[in-house]
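Novice: This is the structure I want to talk about, given as structure tokens.
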Amino acid sequence: MRIRLTAASVLAVLLAGGAAAQQQEPTSGRAFVDEAAKAAERAQQRDKDLVREMSEEATKAVEGTPSGAETVGSTAPPANTATRTPNLDKPDEPDADELVGQKIADRDGDPVGTVRDVMRDPAGNEAMVLVEETGGAVKGIILARILPAQGDADGYYVDLDREGIAELPSYRREGDRWTMLD
């Protein structure tokens, strides 16, 4: 690293050198210049040392600064869990709270099961309806796929056939959360 000396610092060094030269009788003008150059080099070395120390202190300060990657008491659920979230409805979807306890049929009109809960999907993007099938498995169905039954039929249906429903993710209740099964 190069340190530039200002005219004032060079003058101060020369004057200091001149004072030292007055104490010792210089034998020539060359000795005076050599002494001033040495004094300037010593001042430059002190400045380099000071800059190095300041750089080291700054580096230590940066190393001690949190990066943001540290976790501080996170209470967020794991990515494969979700909790009940009220007011999930969009204007064109059924009222989520009214769906709990309702019977759901597949697109052919065959019973699928009963709505047990409504939540956000694990990614937090979509409202999901958790339907307990007759066999006990709980399937997560995106709320937008639940439609009011047509004609004289009561309840709701999902726009999937039995194969499509079988491929949906299954969930298990753990305390107040639903966990997606692998």
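The values are calculated or read from the model by the stated rules, or taken from the named source; none is laboratory data. Keep in mind that what you see is a predicted model, and the values were worked out from it rather than measured. Cβ sites come from the backbone with ideal geometry, for glycine too, and all protein chains shown count toward neighbours. Note: areas computed on protein heavy atoms with side chains; ligands, DNA, RNA excluded. Shrake-Rupley method; radii C 1.70, N 1.55, O 1.52, S 1.80 Å.
Novice: Looking at (1) at pLDDT below 90; (2) closer than 16 Å to LEU99 by Cβ; (3) open to solvent by less than 40 Å² (accessible area, probe 1.4 Å); (4) not small (Gly, Ala, Ser), which is the only condition VAL138 fails?
Specialist: (1)
Novice: Which residue out of ARG116, ARG84, ARG120, ARG107 is under 28 Å from the mean Cα position of the chain (by Cα), at pLDDT 70 or above and either open to solvent by 60 Å² or more (accessible area, probe 1.4 Å) or within 23 Å of GLY164 (Cα to Cα) (or both)?
Specialist: Numbers: ARG116 fails: under 28 Å from the mean Cα position of the chain (by Cα); ARG84 fails: at pLDDT 70 or above; ARG107 fails: under 28 Å from the mean Cα position of the chain (by Cα).
Just one listed residue meets the conditions, ARG120.
Novice: Moving on. Kindly establish whether ALA149 is touching a residue at least 24 places away in the same chain (Cβ under 8 Å), surrounded by fewer than 18 Cβ atoms within 10 Å (Cβ to Cβ) and either in contact with a Phe, Trp or Tyr (Cβ under 9 Å, 6 or more places away or on another chain) or over 13 Å from PRO169 (Cα atoms) (or both).
Specialist: Yes, satisfied.
Novice: On to the next question. Just a yes or no: is a residue in region 161-170 part of a strand (DSSP E or B) and modelled with pLDDT of 85 or more?
Specialist: Yes, region 161-170 contains at least one residue that is part of a strand (DSSP E or B) and modelled with pLDDT of 85 or more.
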